[in-house]
Amino acid sequence: MNFQIGLIPGDGIGPEIVREAKKVLDKVCEVYGHTFTYTELLLGGASIDAHGVPLTEETISEAKSKDAVLMGSIGGDAKTSPWYQLEPSKRPEAGLLGIRKALNLFANLRPAYLYKELQAACPLREDIIGDGFDMMIMRELTGGLYFGERKTVEENGVRKAIDTLTYDEHEIRRIAKRAFDIARKRRGKVTSVDKANVLDSSRLWRAVVDEVAGDYPDVTLEHMLVDNCAMQLVRDPKQFDVILTENMFGDILSDEASMVTGSIGMLSSASLNETKFGLYEPSHGSAPDIAGQDKANPIATILSAAMMLRYSLDLDEEAGAVEAAVQKVLTEGYRTGDIMSQGCTLVGTGKMGDLIAEAITR
């Protein structure tokens, strides 16, 4: 089959890890007889350098014409990069928020899975880890505090900042439906996370999620306050199947969940709209301190490519082959620096990509 894929290398380690993911996708094409045509797109700091803005209409238009987009990482060192001397609306992260909005990518999927081989890297005690955990965090991505009206004013000589948190029932309902649909394919449980004891937006969130749950009698629903959820993630992570939450809570909880897996360098993510189109990216940042040093872990980006195969291209067998290749390489003891442990073999970014590509078979 033939597919059009957009590639956004981005900033920092982004070009390195996207290169390795493309290497793996090319091996998938070779083994399974597909053709992927790639178009490189600019976003974030790379776009600022080329065009003076973090996101152009050209990038939006090109992205919309693709079957899916695979991205590396966006941003740089906030203390030293000239990008962060610009006003907030022109900084790299504004481009990421902008493309999510422009492509209507309202559903963010972040799996958090503990590989048996990486249990030693997990900061939790063995009795908490047990047989491991496997959860999916469903984060609403285009509403809430990050997209609400904001301003900074001065009143009576005192500076005052205002950020507005807004959700309507349609935004809540569509992400809730996606969460329940995914739970049906997993273990049949949704934990909806909010702050309903304080926020009106959370009270509406809870009411709408309850309404949606009525259409899914085969899925168990529980509500949990966000502060309790943050504690439960380190107390008993295996209790979770699908965590459903709003934008800011999801941003924080997904990063917490990533660290209990042992390394944020292992975690993929997908951002989907109401069609099969998706933007796929690792959960980690641009790590400018190790950019260009062949130290970055490409596995999160490679697993994001596997999610792309599954969710946007309907290539489930091929996605499984990529995931099996990652498992095989880990089982054989190969590690990048962030997941290195005694008795394993240390490899760089390029070698890890080579090993995973070589392990892909039908």
Task: Value in Å of the Kirkwood radius, where the chain supplies the Cα pairs that are averaged - done: 21.1 Å
Open item on the list: Between K189 and E154, what's the calculated FRET efficiency when r is the beta-carbon distance and R0 is 51 Å? Round to 0.05.
Closed with: 0.55
Task: FRET efficiency for T39 and E222, using Cβ-Cβ distance with R0 set to 41 Å, rounded to 0.05 - done: 0.45
Task: Projected label distance in nm at V198 and E358, using a 7 Å step from Cα toward the beta-carbon - done: 5.2 nm
TODO: At 1.4 Å probe size, with every protein chain present, just tell me what the per residue accessible area of region 163-305 comes to in Å².
DONE: 39 Å²
Task: Cβ-placed point charges (K, R +1; D, E -1), dipole of region 1-96 about Cα centre in debye, nearest 20 - done: 140 debye
Task: Value at 222 nm in deg cm²/dmol, rounded to 500, when DSSP H runs of n ≥ 4 in the chain each add -39,500 (n - 2.57) - done: -12000 deg cm²/dmol
TODO: Keeping the other protein chains in place, figure out the carbon and sulfur percent of the accessible area of the chain, with a 1.4 Å probe.
DONE: 49 percent
- [ ] Go through K23/K116; K189/K276; K79/K151; K64/K151; K66/K189; K66/K116 and tell me which ones have a Cα-Cα distance over 29 Å in this structure.
- [x] K64/K151; K66/K189; K66/K116
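The values are calculated or read from the model by the stated rules, or taken from the named source; none is laboratory data. Predicted, not measured: the structure shown is a model, and the values here were computed from it. With ideal geometry, Cβ positions are generated from the backbone for all residues, glycine too; neighbour counts draw on all protein chains shown. Side chains included, ligands, DNA and RNA excluded: accessible areas come from the protein's heavy atoms. Shrake-Rupley method; radii C 1.70, N 1.55, O 1.52, S 1.80 Å.
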